[in-house]
Amino acid sequence: MVGLQQVDQDVIEAGLGMGMTQREVLWRIELPLAVPVMLAGVRTALVINVGMATLAFLIGGGGLGVAIRTGIQLSQNIVVLTGGILTALLALSIDWLGGVAERLLRPKGI
């Protein structure tokens, strides 16, 4: 929604003034201009999900959170650090992949 709301109204009016229908304005003007904002939101959500998945151990889901919890319980800082670094690397990798997808899916000229 934010991506669609940020499209300049003058551009939309220009499309309507050229005889485009509302549907054509949406598909040819609004959505292509909103794609970068929408993809940035998806990318942010993916990174947040990595952090939330780390907390899945709290409900028996396993994952890297188990290593962090075990390290805390056994007072082994190296295990906590390893789990944290692996989680951070996973989040950074997913962010990088999201950036690549964002560059590939962005319409030409925007």
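The values are calculated or read from the model by the stated rules, or taken from the named source; none is laboratory data. None of these values were measured; they are calculated from a predicted model. To get the accessible areas, we keep the full protein, side chains included, count just its heavy atoms, and leave off ligands, DNA and RNA. Shrake-Rupley method; radii C 1.70, N 1.55, O 1.52, S 1.80 Å.
If each residue of separation counts as 0.36 nm, what is the full-extension length gain between Arg23 and Leu104 once their alpha-carbon separation is subtracted?
Working: separation 81, 0.36 × 81 = 29.16 nm, distance 2.49 nm.
My answer for the length gained is 26.7 nm.
Starting from the residue with the highest accessible area, list Met18, Met52, Met38 in decreasing order, probe 1.4 Å.
Values: Met18 145, Met52 110, Met38 75 Å².
Order by accessible area, largest first: Met18, Met52, Met38.
Just the number, please: carbon plus sulfur as a percent of the accessible area of the chain, 1.4 Å probe, no ligands or DNA/RNA counted. Intermediate results must be reported in sequence, preceding the final value.
Working: 5140 of 7660 Å².
Carbon and sulfur: 67 percent of the exposed surface of the chain.
What number comes out for accessible area per residue over the chain if the probe is 1.4 Å? Units Å², please. Before the final figure, lay out each step's value.
Details: 7660 Å² over 110 residues.
Per residue, the chain has 70 Å² of solvent-accessible surface.
Given all pairs of different Cα atoms, what value in angstroms does the Kirkwood hydrodynamic radius of the chain take? Show your work: numbers first, answer last.
On the way: mean 1/r = 0.0595 Å⁻¹.
Over the chain, the inverse of the mean reciprocal pair distance is 16.8 Å.
Kindly express, to the nearest 10 degrees and within the range 0 to 90, the angle between helix 31-54's C-alpha long axis and the longest C-alpha principal axis of the chain.
Taking the Cα atoms of the chain, the angle to 31-54 is about 10 degrees.
Note down the relative contact order for the range 50-110 as a percent, whole number, built from C-alpha pairs under 8 angstrom at least six residues apart. Before the final figure, lay out each step's value.
Working: 39 pairs, mean separation 15.5, N = 61.
This gives 25 percent for the range 50-110.
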